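Here's the structure we're looking at; comments come further down.
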Amino acid sequence: MNKRIAVIIPAYNEERSIAGVVRSVSGLSGFVYDPVVINDNSTDKTSDEATLAGATVINLPCQLGIGGAVQTGFKYALEKGYDVCVQTDGDGQHLASEIPKLIGPILSGDFDLVIGSRFVSDTGYEASFMRGLGITIISLFLRVTTGIRVKDTTSGFRAAGRRAFAFFSSEYPQDYPEPESLVYAYQKKFRVLEISTRMIDREYGRSSITPIRAMYYMVKVLLAMFVDLFRKT
């Protein structure tokens, strides 16, 4: 009951949804769940809304992207002595009620990194054909090259134990952090688990990933992951 969980919420221009995400995290019971919003130099009122909702807000002086924002959260969690870090989106698609499922295998000492997945079982989530194809190919590449079996390689809903986020606080991919970090996990021999979690449609805004961008993203990710395989850790 005395475990402290830092819930890292990278956010860029999410003023309409961020307060609800923060409140849903703060409403969790059982452990100390602290919402930490990394405001990636938003041009709207994301920072103000998150602060009013009760989050710790770190305002980045320039836009770092998802990788830099999440790594900032890891650095903060390490400095403040948290036991587990959870990453969740600021658009409200990930359900805070699913967070205890992510942290359980870490607190039991069995795993270092737990991925919340839309594809392990039928969660009702339907990806577009091109996006689904891209994720499947990335997953296959990961399995062939590292042996890690993760179907939802691009999931931004995940939990990391102290051993993992301490490493990620100093070494974390910037361009395509979710799939690339799984290669990092392989290199550091982190124990990785994928579990089924639900995801809902975002209430505000829309995804910028078109079919053409999905294919472009897939090619870029595969190249980045291939290069990562030869990096020194």
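Remark: pairs (first residue in segment 72-89, at negative phi; second residue of a type in the set (Lys, Arg) and buried (at least 18 other Cβ atoms within 10 Å of the Cβ); Cβ separation under 6 Å; 6+ apart in sequence or on different chains) = Gln87/Arg158.
Summed over segment 1-50, residues that are in contact with a helix residue (DSSP H, G or I) (Cβ under 6 Å, 6 or more places away or on another chain), in a helix (DSSP H, G or I) and closer than 20 Å to Val114 by Cβ total 2.
Regarding Ala55, is this residue within 19 Å of Glu171 (Cα to Cα) and modelled with pLDDT of 95 or more? So Ala55 does not fit the description; no. Among the residues of this structure, Leu223 counts as one that is loosely packed, with under 13 Cβ neighbours inside 10 Å, of a type in the set (A, V, I, L, M, F, W, C) and either modelled with pLDDT of 95 or more or not in a loop (DSSP other than H, G, I, E, B) (or both). Between Ile38, Ile66, Ile106, Ile99, the distinction of being more than 24 Å from Ser196 (Cα to Cα) and β-branched (Val, Ile, Thr) belongs to Ile38 only. The number of residues in segment 73-88 that are out of contact with any helix residue (DSSP H, G or I) (no Cβ under 8 Å at 6 or more places or on another chain) and under 19 Å from Asn59 (Cβ atoms) comes to 5. The numbered conditions (1) more than 23 Å from Ser108 (Cα to Cα); (2) in contact with a Cys (Cβ under 7 Å, 6 or more places away or on another chain) are all true for Phe74 except (1).
Residue count for segment 14-66, restricted to those that are of a type in the set (Asp, Glu), farther than 22 Å from Phe167 by Cα and surrounded by fewer than 22 Cβ atoms within 10 Å (Cβ to Cβ): 3. Considering Ala96, Ala69, the condition of being touching a residue at least 24 places away in the same chain (Cβ under 8 Å) and over 20 Å from Ala166 (Cα atoms) is satisfied by Ala96 alone.
Across segment 157-189, what is the number of residues that are outside any helix (DSSP H, G or I) and either modelled with pLDDT under 95 or more than 17 Å from Phe74 (Cβ to Cβ) (or both)? Break it down into steps so the answer makes sense when it comes.
Filtering segment 157-189 down to residues outside any helix (DSSP H, G or I) leaves 157-161, 169-176, 188-189.
Keeping just the survivors that are either modelled with pLDDT under 95 or more than 17 Å from Phe74 (Cβ to Cβ) (or both) gives 174-176, 189.
Qualifying residue count for the region: 4.
Checking each residue in segment 124-152 for being without any contact (Cβ under 8 Å) to a residue 60 or more places away in the chain and in a loop (DSSP other than H, G, I, E, B) picks out Glu126, Ala127, Gly147, Ile148, Arg149, Val150, Lys151, Asp152.
The values are calculated or read from the model by the stated rules, or taken from the named source; none is laboratory data. These numbers come from a predicted model, not from an experiment. Every residue, glycine as well, gets a Cβ built from its backbone with ideal geometry; the counts of neighbours run over all protein chains shown.
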